[in-house]
Amino acid sequence: MSKQAKVPFADLHAQYLSIKKEMDAAIAGVIGSSAFIRGPYVDAFEKEFAALIGAPHCVSCGNGTDSLYIAMRALGVKPGDEVIIPAHSWIATSETVTQAGGTVVFCDTDEDTFTLDPALIEARITPRTVGIIPVHLYGQAAEMGRIMDISRRHRLWVLEDCAQAHLATCNGRTVGTFGAAGSFSFYPGKNLGAMGDAGALVTADGALAERMAMLARHGGLVKNEHRIEGVNSRMDGLQAAVLSVKMKQLKAWTAMRRRLAGVYDRELSGIEGLDIPITAGGREHVYHLYVVRHARRDELKKFLAERGIETVINYPAALPFLPAYARLGARPEDFPNAYRHQSSVLSLPLFPEMTEAQQAAVIEAVRAFSFAHTGR
Ligand SMILES: *Cc1c(COP(=O)(O)O)cnc(C)c1O
């Protein structure tokens, strides 16, 4: 009997062990100084993250969902305002439009890149449209050149959802720096992850940064000064310290993700029935997820699980087809790509600490599945 590899989808504990000394010291530092909410660790994180992305301002907050909400409030979304978002994303992108008081307008995604299809955006624009939220899904930038052109032509703001794409680029420019603001999540499993919830916004607009910071902190930047009504969405000192330690590794971790993706690309290309991810020209993919497509996706997932290989479906239902949006009455033909992708996408394990043996086990199992079904 061959040895059965256990391959987790991600391994946050292995990541912690690789930076344990520095991480433990940073956490002890926060506890020693009781800097639990905001404070010097959060200030330092904001400066470092702005510099990393190459944006003049960073506003931290409680999580990546709040960052989308706060940005839309700061951009002035009001009842009746329509916001265009991709049909294929995580629900945070759409639910925050509603939370901010706006109306969700879904737009289908590109066949190959899973990101907003620029060719379809203008047909979704009405006199009530105020903005577009491109999502850099799975770690690949949306087609920002064309999206920014459309936004300028129609005077719409662009809010980039960069939750899955820290350091991804489009035509040499880092995501988060194209639109009015870039929204980031530091959920533990993201490419840069905290040890709990955390999020941030970046922007080049100083006035917008100030409005976003006020909204995240009960409507004021100074204690007892509440210029507007806001929310409580603050980054805590422990998360900021954790993120500052991990941030130093992000470029190396991203390079590892890209290297592992290159191995998958080479070893999994040409397999009957399997489509590997496609990176569009001019874009640098950071592989938050390595997403393949297969017509027999559910069988493939089961086959891998039986061999101890964990996979995830991101996501089993495209946004318009979730019960939460039943009110919109979406039909498959309205969002054909998103609809087709929901039953074929499968995310394979890929994380910077993944060993050669783990990756080899995944490759061998995917090939074995194909052989079992096609004989080649
Ligand atoms: C993770 C994620 C978010 C939300 O981030 P949280 O920090 O979990 O609130 C938003 N958009 C996308 C595309 C995400 O993947």
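The values are calculated or read from the model by the stated rules, or taken from the named source; none is laboratory data. Keep in mind that this is a model prediction, so the values were computed, not measured. Here the Cβ is made from the backbone with ideal geometry for all residues, glycine too, and neighbour counts use every protein chain on show. Ligands, DNA and RNA are stripped out before the accessible areas are found, and what is left, the full protein with its side chains, is counted by its heavy atoms. Shrake-Rupley method; radii C 1.70, N 1.55, O 1.52, S 1.80 Å.
With all projection directions averaged, the alpha carbon convex hull of the range 248-376 covers 10.0 nm². For V312, the residues whose modelled amide H falls within less than 5 Å of its own, excluding neighbours fewer than 5 places apart on the same chain, are S347. A100: net charge of surrounding residues, Cβ under 14 Å, Lys/Arg +1, Asp/Glu -1, itself excluded? Combined, the nearby Lys, Arg, Asp and Glu give -3. If you count Lys pairs in the chain whose Cα atoms are under 23 Å apart, skipping same-chain pairs closer than 8 places in sequence, the total is 22. Among the GluC sites (Glu not before Pro) in the range 225-273, those located in a DSSP loop and surrounded by at most 13 other Cβ atoms within 10 Å of their own Cβ are E225, E229, E272. Adding -39500 (n - 2.57) for every DSSP H run of four residues or longer, then dividing by how many residues the chain holds, sets the calculated 222 nm ellipticity at -12000 deg cm²/dmol. Only helices reaching 18 angstrom along their own axis (Cα) with mean Kyte-Doolittle hydropathy no lower than 1.0 count here, and not one DSSP H run of the chain does.
Along the axis of the charge dipole computed for the range 203-274 (Cβ charges of +1 for Lys and Arg, -1 for Asp and Glu, origin at the Cα centre), the listed residues I228, G270, G206 are led at the positive end by G206. Computed from point charges on the beta carbon alone (+1 for Lys and Arg, -1 for Asp and Glu), the dipole magnitude for the chain about its Cα centre is near 300 Debye. Here the accessible area is traced with a 1.4 Å probe on the protein chains. For the range 250-374, carbon and sulfur cover 53 percent of it. Karplus-based coupling profile of the range 276-281, in residue order and whole Hz: 8, x, 10, 9, 6, x, with θ = phi - 60° in 6.51 cos²θ - 1.76 cosθ + 1.60 and x standing for Gly or Pro. Per residue, the accessible area of the range 247-376 comes to 48 Å² when a 1.4 Å probe rolls over the protein heavy atoms.
I need to check one value: relative contact order of the chain, counting alpha carbon pairs closer than 8 Å and at least 6 residues apart, in percent.
Taking the mean separation of contacting Cα pairs over the length of the chain, I get 22 percent.
Quick check for you: which residues of the range 191-215 have the amide N under 19 Å from the point 7 Å beyond the Cα of H226 toward its beta carbon? Inside the label zone: 211-215. Between the range 130-162 and the range 216-282, the alpha-carbon centres lie 18 Å apart.
Centre-to-centre separation between the Cα atoms of the range 298-372 and those of the range 12-91: 28 Å.
Atom-type composition of the exposed protein surface of the range 119-163 places 49 percent of the accessible area on carbon and sulfur (1.4 angstrom probe).
Local charge for R128 was computed over the other residues whose Cβ lies under 10 Å away, with Lys and Arg +1 and Asp and Glu -1, and equals -2.
Shown are D205, D66, D108, whose ranking by accessible area with a 1.4 Å probe and every protein chain present, most to least, is D205, D66, D108. Taking every alpha-carbon pair under 8 Å whose residues sit at least 6 apart, the range 275-376 reaches a relative contact order of 36 percent. Dividing the C-alpha radius of gyration of the chain by 2.2 N^0.38 Å, with N its residue count, gives 1.00.
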